[in-house]
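Peer 1: Questions regarding the structure given below will be posed in turn.
The values are calculated or read from the model by the stated rules, or taken from the named source; none is laboratory data. In this text the structure is predicted, and so the values were computed from the model without any measurement. Glycine gets a Cβ as well: all are built from the backbone with ideal geometry, and neighbour counts include every protein chain shown.
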Amino acid sequence: MAFCASCGSTVEGRFCPKCGAAVGEAPGAPPASQQPASPPPAAGAGGMSDNVAAALCYLAGFITGIIFLVVAPYNQNKAVRFHAFQSIFFSVGMVILSIALTIFSTIMFAISFWLGSLLGLTYMVLWLAILVLWLYLMWKAYQGQKVMLPVIGELAQKQA
């Protein structure tokens, strides 16, 4: 049978029925229900830390980029603004690239089936590389680091 270290009464569970202290606590310590909770992690005024907001800018491309440029506490942070603008420019670039590759691929298929097929395989590798780049940008933004893409990063830096 265990005894409470605070008041000395008999304890049959994890908590003392008389004073509420957890079994095994140091004498004189307040009961677990009265102990202060650990402070929450540092967050911005909106309840989300800046590195999470910066990473989420890339999540749905230009949609989340625009959202973070509009939402009040994040649109004043230079790092979040940079990642939001870079996400918007990156997404728009990918849409333009997709349209151009679709047109070019259609022309190549009209010329030769084999040339169009080879080109299609090349495009799959290109889109895989773009996916890896997108994940890399999200990861670096989450770590609080800034990766500036060659042309897009400079434009985003000017806008932020």
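Peer 1: Is there any pair linking a residue in region 135-158 that is of a type in the set (Lys, Arg) to one that is modelled with pLDDT of 90 or more and not in a helix (DSSP H, G or I), with Cβ under 7 Å and at least six apart or on different chains, and which?
Peer 2: Once the first residue is of a type in the set (Lys, Arg) and sits in region 135-158, its partners that are modelled with pLDDT of 90 or more and not in a helix (DSSP H, G or I) give Lys140/Val147.
Peer 1: Name the single residue, out of those in region 69-96 being free of Cβ contacts under 8 Å to residues at least 24 places away in the same chain, closer than 19 Å to Met48 by Cα and assigned to a helix (DSSP H, G or I), that is nearest to the chain's Cα centre (by Cα).
Peer 2: The selected residue is Leu69.
Peer 1: Now a separate question. Consider Leu121 carefully, then state whether it is surrounded by fewer than 14 Cβ atoms within 10 Å (Cβ to Cβ) and modelled with pLDDT under 90. If you could, list the steps in order and put the result at the bottom.
Peer 2: On the way: surrounded by fewer than 14 Cβ atoms within 10 Å (Cβ to Cβ): yes; modelled with pLDDT under 90: yes.
Yes, satisfied.
Peer 1: Further question on the same structure: Which one of these does Ala60 not meet: (1) exposed (fewer than 15 other Cβ atoms within 10 Å of the Cβ); (2) small (Gly, Ala, Ser); (3) in contact with a helix residue (DSSP H, G or I) (Cβ under 6 Å, 6 or more places away or on another chain)?
Peer 2: Of (1) exposed (fewer than 15 other Cβ atoms within 10 Å of the Cβ); (2) small (Gly, Ala, Ser); (3) in contact with a helix residue (DSSP H, G or I) (Cβ under 6 Å, 6 or more places away or on another chain), only one is false for Ala60: (3).
Yes or no, residue by residue, for (1) modelled with pLDDT under 80; (2) under 30 Å from Met148 (Cβ atoms); (3) of a type outside the set (A, V, I, L, M, F, W, C):
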{"residue": "Val11", "(1), (2), (3)": "yes, no, no"}
{"residue": "Pro40", "(1), (2), (3)": "yes, no, yes"}
{"residue": "Ala43", "(1), (2), (3)": "yes, yes, no"}
{"residue": "Ala53", "(1), (2), (3)": "no, yes, no"}
{"residue": "Thr64", "(1), (2), (3)": "no, yes, yes"}
{"residue": "Arg81", "(1), (2), (3)": "no, yes, yes"}
{"residue": "Ser105", "(1), (2), (3)": "no, no, yes"}
{"residue": "Met108", "(1), (2), (3)": "no, no, no"}
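Condition check ((1) part of a loop (DSSP other than H, G, I, E, B); (2) modelled with pLDDT of 80 or more) across all residues:
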site: Gly20; (1), (2): yes, no
site: Glu25; (1), (2): yes, no
site: Ser33; (1), (2): no, no
site: Leu115; (1), (2): no, yes
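Peer 1: Got a sec? Which of Gln157, Gln145 is of a type outside the set (Ser, Thr, Tyr), closer than 22 Å to Gln76 by Cβ and surrounded by fewer than 13 Cβ atoms within 10 Å (Cβ to Cβ)? So that I can check it myself, show each step before the final result.
Peer 2: On the way: Gln157 fails: surrounded by fewer than 13 Cβ atoms within 10 Å (Cβ to Cβ).
Every option except Gln145 fails the conditions.
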